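Undergrad: Encoded as structure tokens, here's the structure I'll be asking about.
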Amino acid sequence: MTWWVAATFMQITLSATALEPSGKWAIDFASPGCVATRPFNNGQAQLSVATPPLEHKLVISANVASPVKLPRGTTLALVIGPGGRRFEGKAIDFNSPIAKSPEFGLYIDRDEIAQQAIADISFEHGKERLAAFKTGAWNALLKSMAECSQDFIVSYGIDPEREHQVETPAVPKLVDKLLLDSRISYDAISQRAQSKMGLRVLIGTTGHIEQCTPVTSSGSRTIDERACKLLVEQGRYIPAKDRSNTAIVSEQLIFNRWLPAVDR
């Protein structure tokens, strides 16, 4: 699945004390990422966990207001307590369907997190703790998110047998900019199409897109068909791999958003 990334800086708060939750986890079952959110520190901070369909990943992100800024791509570590297991990666910040305001976070392997005994988590940069949260156990949360993700995949026509064979999901090489920088984006805005569009694509063993089907219409059949035609002609992926590291046919979901037209 493709998540559109925007913004150049992210805001984080320097906090040595783990924040206490001020509410329960809430899962958005209508969201493509089955996003779970939980407020902390009387609503002054929020922790989000998303499971992008077909990626075998979790996106764990924090929303905490602060004047401190770091460039996107800064190396961050997610530390899982009480054992102190560290997961390092490049920080991401996004303006996407799962983010109501700028956030920062990391992509983490879903299976690795599921094996951890979690009581708290913290984000660290070098030797500095940037933000910490007393989350409690994640077992029930991850189970509910996995069920939500499976239901979502089936509802969009993904073949569960084909998906089960995928060990390493397909990675987009030339997909993101096609829809954003093409005439399609301009037409969608000028024609006042819906602000989002969802497409299901079938990716061959060479990485070419062999089929494209709209699953969430932009509101314009012409725009939907033109977007699919463009992806089949020019879209490219690194193909998915099975457990023997052999390229296999797979499916992906692409969700695109546009800013609505504004009268002046």
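Undergrad: Heavy atoms only, probe 1.4 Å: what % of the accessible area of segment 108-154 goes to carbon and sulfur, would you let me know?
TA: Details: 1100 of 2410 Å².
Carbon and sulfur: 46 percent of the exposed surface of segment 108-154.
Undergrad: Highest mean first, what order results for 56-64, 208-216 on Cβ atoms within 10 Å?
TA: Numbers: 56-64: 22.4, 208-216: 16.4.
Highest to lowest by the protection proxy: 56-64, 208-216.
Undergrad: Checking the cross-link filter: which lysines have an alpha carbon closer than 17 Å to that of residue 196, excluding same-chain neighbours under 8 positions apart?
TA: 100, 177
The values are calculated or read from the model by the stated rules, or taken from the named source; none is laboratory data. Model, not experiment: these values are computed from the prediction. Note: ideal-geometry Cβ built from the backbone for every residue, glycine included; neighbour counts use all protein chains shown. Each accessible area value is taken on the protein alone, full model and side chains, heavy atoms only, with ligands, DNA and RNA left out. Shrake-Rupley method; radii C 1.70, N 1.55, O 1.52, S 1.80 Å.
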